[in-house]
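The values are calculated or read from the model by the stated rules, or taken from the named source; none is laboratory data. These figures come from a predicted structure and were not determined experimentally. Cβ placement follows ideal geometry from the backbone for every residue including glycine, while neighbour counts extend to all protein chains displayed.
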Amino acid sequence: MRRFTTFLFLLLLHTAFGQNIFQKAFNTDIRPFREDLSISFKDKDGNETSMPFSIIKGKTDGPVFTIIAGIHGFEYPPIVAVQAILKEIDIDRLKGTLIVVPIANTTSFYARTPFINPLDRKNLNNVFPGKEDGTISEKIGHFITSSIIPVSDVFLDVHGGDAPEDLIPFVCYYNNIKKPEQTLLAKKLSEKSGFQYVISYPYTLSDTDAAKYTFKQAVQDGKTALSIECGKLGNVQEENVNLIKKGIYNMLATMNMYQNGTGPHPNMIYYNNQSYIRSSAKGIFYSDFKAGDSVKKNEVVGYTTDEFGTVLEEYKSPKNGIILYKLATPPINVDDMVMCISSNTDINNEYPTFDKITNMTTSSRKELCKLYLQRYAQKDLAGVEAIFAEDIILRDWKIRVEGKKKALKETKKNFEAAKSIEIEILEMHQDKDTVAAELKITVNETEELYVVDVITFNSQGLITSIRAYLGRGDE
Ligand SMILES: [Zn+2]
């Protein structure tokens with residue numbers, strides 16, 4: 001009997017502890033409800049920290065929207081903007097639930113440490129999905145992955161330029177074709193956010209790859225996730241704080257959770273192809289360029305000298321584009337990111353907006369076709385693989401193959417044979433499940449091919465057939 005009682009007691013204790021304080025607050029049925037709490041972490045090296053969070057449940061049920069700031073503790077505008085939201089939000093006007101993490105990396109914040117948590121020297125935005133028994137950063141990552149992401153419908157991670165970084169404000173999401181609904185919602189939220197620059201990244205992870213980044217983990221877990229990047233140089237700029245606030249309110253309005261939106265930016269600019277310049281020198285960095293400047297291919301955008309002024313390395317832009325963010329202070333180390341240069345491989349500068357995609361089953365075929373061509377131009381084999389159906393038939397003026405494996409093998413051959421592929425869409429027509437695209441393809445910057453691709457999609461939005469016809473241009 002005694003043994004039985006002990007067993008029962010342990011079982012109850014285990015259940016109580018199995019539900020952490022976050023889950024306990026989140027699972028309450030009380031509405032409206034607000035609780036401001038903090039969860040503690042301790043790792044086996046004896047490092048301790050805590051992470052504050054608020055659960056805010058509006059009067060009526062609705063989506064769960066998570067907002068995280070301070071994954072990087074030196075990025076202040078996101079932290080200050082989230083403070084303002086926590087203060088302003090009127091619970092009686094809120095529909096659904098907000099999960100707000102005001103500062104995810106409190107140790108980095110209070111120690112004024114850029115990028116990393118000084119306790120374990122790890123970058124919290126590089127440890128996802130995290131580890132239950134790992135170092136302090138890995139434990140925080142694991143908590144976010146295992147407790148916060150699973151209950152979120154929308155997951156927003158807010159960043160800015162860190163202490164040494166200049167950056168133009170933008171909103172970004174992953175073009176994850178494996179989850180078209182979530183991706184289209186992320187795109188819609190980005191477009192409605194009020195930010196002028198809407199950036200998308202290709203999504204090339206397999207289902208078992210570690211996501212590393214916080215909001216990429218949420219994408220990997222099938223959530224609608226996106227990120228704001230706003231603020232720079234370890235300072236609080238009021239205009240950037242306001243942009244972030246506006247962005248969050250616009251997203252909440254788009255989700256019909258809170259009506260305080262101001263509408264989209266009247267002149268949105270889309271970029272979907274980011275290139276990075278990295279340093280191979282350690283020394284003193286110089287650049288006359290600012291974030292937002294346009295650069296030309298092969299233009300010298302900065303240089304590094306040793307401590308005596310001798311130039312060690314010059315940095316050239318790999319392409320035409322604009323500087324999304326850049327290193328903006330003198331110290332530079334080997335492998336540091338010098339600049340991120342963004343451009344649009346998409347071809348027509350007019351990228352279709354969410355409002356034009358009214359029906360996933362029909363009108364998004366053009367969008368999917370553009371994604372395929374974009375991935376093809378980026379030689380993104382994993383991305384192409386994700387949108388090929390198992391029974392795909394690939395046929396051009398040279399070959400005909402059946403099945404995904406063989407089609408991918410041919411695609412890979414083409415990728416390996418070409419140093420660079422540029423695709424310009426000249427015309428695009430759609431009829432039910434089939435899109436015909438008239439293309440000018442430039443291989444290795446010199447060889448021009450005029451091709452018509454006729455691409456058919458199945459009901460899941462995967463490509464079942466590509467028929468390519470070779471033609472000629474006007475010249
Ligand atoms: Zn950051």
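When 196, 182 are checked against the criterion of being away from the ligand (no atom under 16 Å from the Cβ), in contact (Cβ under 8 Å) with a residue 24 or more places away in the chain and either surrounded by 22 or more Cβ atoms within 10 Å (Cβ to Cβ) or within 14 Å of the chain's Cα centre (by Cα) (or both), 182 stands alone in meeting it. Quick one: is residue 141 under 25 Å from residue 19 (Cβ atoms) and not basic (Lys, Arg)? Criteria met by residue 141. Candidates 382, 418, 436: the one that is of a type outside the set (Asp, Glu) and under 21 Å from residue 319 (Cβ atoms) is 418. Only residues that are surrounded by fewer than 13 Cβ atoms within 10 Å (Cβ to Cβ) and assigned to a helix (DSSP H, G or I) were counted across the range 410-419, and they come to 3.
Annotation for the range 151-168: at least one member residue is assigned to a helix (DSSP H, G or I) and either touching an Asp or Glu at 6+ places or on another chain (Cβ under 9 Å) or surrounded by fewer than 21 Cβ atoms within 10 Å (Cβ to Cβ) (or both).
Assess whether residue 285 counts as being more than 16 Å from the ligand (Cβ to nearest atom) and surrounded by 21 or more Cβ atoms within 10 Å (Cβ to Cβ).
Details: more than 16 Å from the ligand (Cβ to nearest atom): yes; surrounded by 21 or more Cβ atoms within 10 Å (Cβ to Cβ): yes.
Yes, satisfied.
I'd like the full set of residues that are at pLDDT 95 or above and either over 11 Å from residue 164 (Cα atoms) or over 22 Å from the mean Cα position of the chain (by Cα) (or both), limited to the range 320-334.
Going through the range 320-334, the residues at pLDDT 95 or above turn out to be 322-334.
Result: 322, 323, 324, 328, 329, 330, 331, 332, 333, 334.
Mind checking whether some residue in the range 112-121 is of a type in the set (D, E, K, R) and in contact with a strand residue (DSSP E or B) (Cβ under 8 Å, 6 or more places away or on another chain)? The answer is no; no qualifying residue exists. With respect to the conditions (1) in a loop (DSSP other than H, G, I, E, B); (2) under 18 Å from the mean Cα position of the chain (by Cα); (3) over 25 Å from residue 233 (Cβ atoms), residue 120 falls short on a single one, namely (2). Every test in (1) touching a strand residue (DSSP E or B) at 6+ places or on another chain (Cβ under 9 Å); (2) within 16 Å of the ligand (Cβ to nearest atom); (3) part of a helix (DSSP H, G or I) is passed by residue 109 save one, and that test is (1).
Listed by first and then second residue, the pairs linking a residue in the range 76-104 that is closer than 24 Å to residue 239 by Cβ to a residue that is among the hydroxyl-bearing types (Ser, Thr, Tyr), with Cβ atoms under 6 Å apart and 6 or more places separating them unless they lie on different chains, are 100/54.
Here residue 296 fits the description: touching a Lys or Arg at 6+ places or on another chain (Cβ under 9 Å) and exposed (fewer than 13 other Cβ atoms within 10 Å of the Cβ). Taking the criterion of being in contact with a Phe, Trp or Tyr (Cβ under 9 Å, 6 or more places away or on another chain), within 14 Å of the ligand (Cβ to nearest atom) and either modelled with pLDDT under 95 or not in a strand (DSSP E or B) (or both), the residues of the range 77-103 that qualify are 79, 103.
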